[in-house]
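Notes follow the structure.
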Amino acid sequence: MNLRIPSMLALLVVALMVLAVPAAALSPTLEKAKKDGVVGEQVDGYLGLVKGSAPGNVRKEMDEVNAQRKALYRERAKAKGTDAATYAAVVGAKQVQREPKGNWVRTGKGWQKK
């Protein structure tokens, strides 16, 4: 039996689920941090620190958003019969694609300015 086909089908199902997940609006503080290259979207579905550090209020808001995302990914993944990491990765890849030019994203090639 070819195990690649069920895996590919599972990823396709998760990808289709992501289309129903609207990108949550971020606070003005985090939006500014994204534009300033302090925070960026990652293909794992979470926000990350581009330069490794950030002001305390930015870090706190980023951590809160990531906690909310993690809970959402777990909930949606469980409902769809997949694991949270796979679900988060599909959402993260889409979010990276949606990021506007000038913002920073982290892919398998590290941090890059779009």
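The values are calculated or read from the model by the stated rules, or taken from the named source; none is laboratory data. Just so it is clear, the model here is predicted, and its values are computed rather than measured. We place every Cβ from the backbone using ideal geometry, glycine too, and count neighbours over all the protein chains shown.
Results, tabulated for the structure shown:
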item	result
Qualifying positions in the stretch 37-52 - out of contact with any Ser or Thr (no Cβ under 9 Å at 6 or more places or on another chain), of a type in the set (A, V, I, L, M, F, W, C) and assigned to a loop (DSSP other than H, G, I, E, B)	50
Residues (surrounded by fewer than 15 Cβ atoms within 10 Å (Cβ to Cβ) and either among the acidic types (Asp, Glu) or in contact with a helix residue (DSSP H, G or I) (Cβ under 8 Å, 6 or more places away or on another chain) (or both)) located in the stretch 54-73	57, 63, 64, 70
Selected residue (criterion: nearest to the chain's Cα centre (by Cα)) from residues of the stretch 102-114 that are farther than 12 Å from residue 34 by Cβ and not in a strand (DSSP E or B)	108
Restricting the stretch 56-76 to residues that are without any contact (Cβ under 8 Å) to a residue 12 or more places away in the chain and under 15 Å from residue 38 (Cα atoms), the residue that is farthest from the chain's Cα centre (by Cα)	56
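The rows are residues; the columns are (1) touching a strand residue (DSSP E or B) at 6+ places or on another chain (Cβ under 9 Å); (2) assigned to a loop (DSSP other than H, G, I, E, B); (3) modelled with pLDDT of 95 or more.
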| site | (1), (2), (3) |
| --- | --- |
| 23 | no, yes, no |
| 54 | yes, yes, yes |
| 57 | no, no, yes |
| 71 | no, no, yes |
| 74 | no, no, yes |
